[in-house]
Amino acid sequence: MDRLGLYVNKLYVGVILGLLGPCLGFFLFFLITNLAYGYSLSRFIELVFSNSSSNSATIAISSVFNLGLFFLTLNRNYLKATQGVILATFIYAALMLYFKYAS
């Protein structure tokens, strides 16, 4: 294993990456919709979270970024980090189900 793998191949690093990945995915989603509609970031966040039916869809679209993190850690053979990314994805899935059916 390479030197970087000694620091990255940890479960908590994968969880942190998996929890921060959808935040980056949300920002990319904002950039794409900003090209079409020209909303500011604060207006975009207000529109997304004011409608409870769009919360779970937005989380789902943002969580797609974790797929890239999963394959990146798996390809580099950082199996503990891969487990952390999967755990974080399950956390986002539970949050999605909550917004979809409970609220």
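What the Cβ-Cβ distance of Tyr98 and Asn77 gives, at R0 = 35 Å and to the nearest 0.05, is a FRET efficiency of 0.55. Estimated from helices alone, the mean residue ellipticity of the chain at 222 nm is -26500 deg cm²/dmol (sum of -39500 (n - 2.57) over DSSP H runs with n ≥ 4, per residue). In the chain, the longest principal axis of the Cα atoms and the axis of helix 11-37 are about 30 degrees apart.
Among 42-51, 83-92, 25-34, how do they line up from the highest to the lowest mean number of other beta-carbon atoms within 10 Å? Spell out each step's value before the answer.
Numbers: 42-51: 12.8, 83-92: 18.7, 25-34: 15.3.
Ranking the peptides 42-51, 83-92, 25-34 by packing returns 83-92, 25-34, 42-51.
Between (i) 14.5; (ii) 13.2; (iii) 15.1, which matches Kirkwood radius over Cα pairs in Å calculated for the structure shown? Computed from these coordinates, Kirkwood radius over Cα pairs in Å corresponds to label (i).
Each reported figure results from applying straightforward, stated rules to the coordinates on display, with no laboratory input. As the structure is a computational prediction, the values presented were derived from the model and not from experiment. Cβ: placed from backbone, ideal geometry, glycine included. Neighbour counts: every protein chain shown.
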